[in-house]
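Working notes, beginning with the structure itself.
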């Protein structure tokens, strides 16, 4: 299990600062498929993923869910709503049994004001996420539908027991929503990738068997 002191957010802080901040963090276990955050709720806490994985998602205008990101052990979420004092901008669901560290809003704000190194570390983390998001948007905007699917699959997948796996259920409509394409186009591309032995599906997972082709 990941330890709170090992989070990248605390790497630049001295031990006394880390111990002071972590004294305000409460740890809880959440079963698989537990709703941690609902879009539109008030923002009350910062969450640290100690074990397990969570899915960040939105509901589109038709009530269908669109996966925005997943977070695994060593990552955190919920800081945007606290910094801007706005309702939650997305929903969060556990993908498996998970243990989370929870830092309440009042303590989060106290840490920002009393520990400048923590504030700078948070700013650095947010700027890195912005750079990554901008790069992803740029790539997706310049690519055709197949290229957007390939980039999305690589971003969502992780190495598990020697296999590259997208460890969550993705329907053709989910994928179409993520890449901005029609479900029919996505279906054709996925069929060709399966026929070519590039991907397969198992227990609601997508397995990537080899490097995806450069073009379709």
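Determine the calculated [θ] at 222 nm for the chain from helices alone, applying -39500 (n - 2.57) to every DSSP H run no shorter than 4 residues and normalising by the residue count; nearest 500 deg cm²/dmol. Walk me through the numbers before you get to the answer.
Numbers: 7 runs with 84 residues, N = 216.
After summing the helix terms and dividing by residue count, I get -12000 deg cm²/dmol.
How would the range 144-208 be classified by its alpha-carbon gyration tensor: rounded, prolate or oblate, with rounded meaning a/c under 1.5 and the a/b versus b/c comparison settling the rest? List each step's numbers first, then the result.
Details: a/c = 1.70, a/b = 1.50, b/c = 1.13.
In terms of gyration-tensor shape, prolate.
For a quick protection proxy, order the peptides 42-54, 119-131, 72-84 by their average other-Cβ count within 10 Å, most packed first. Intermediate values should be presented prior to the final figure.
Details: 42-54: 20.2, 119-131: 12.9, 72-84: 17.5.
Per-residue mean Cβ counts within 10 Å order the peptides as 42-54, 72-84, 119-131.
How far, in nm, would the chain grow between residue 3 and residue 134 when pulled straight, counting 0.36 nm per residue and subtracting the alpha carbon separation?
On the way: separation 131, 0.36 × 131 = 47.16 nm, distance 3.00 nm.
Stretched fully, the residue 3-residue 134 segment lengthens by 44.2 nm.
Just to confirm my numbers, what's the Cα centroid distance between the range 67-88 and the range 5-51 in Å?
Each part's Cα centre sits 10 Å from the other's.
Enter the Cα centre distance for the pair the range 181-195 and the range 92-109, rounded to the nearest angstrom.
Spelled out, the Cα-based centre of one part sits 37 Å from the other.
Multiply the residue gap between residue 117 and residue 68 by 0.36 nm, knock off their C-alpha separation, and tell me the result in nm, one decimal place. Present the calculation step by step, with values, prior to reporting the outcome.
Details: separation 49, 0.36 × 49 = 17.64 nm, distance 2.91 nm.
Taking 0.36 nm per residue and subtracting the Cα distance, the gain is 14.7 nm.
Given that just one value was derived from the coordinates, which of (1) 27; (2) 40; (3) 21 is percent of Cα pairs over 31 Å apart?
(1)
When a footprinting reagent is the concern and you count Cβ atoms within 10 Å, what order do 27, 111 take, fewest first?
Ranking 27, 111 by Cβ neighbours within 10 Å, fewest first, gives 27, 111.
What percent does the relative contact order of the chain come to when contacts are Cα pairs within less than 8 Å and at least six residues apart? Please list the in-between numbers first.
On the way: 345 pairs, mean separation 42.8, N = 216.
Value for the chain: 20 percent.
Bear in mind that the values in this text are calculations on the coordinates, not laboratory data. Fair warning: this is a prediction, and the values are worked out from it, not measured in the lab. Note: ideal-geometry Cβ built from the backbone for every residue, glycine included; neighbour counts use all protein chains shown.
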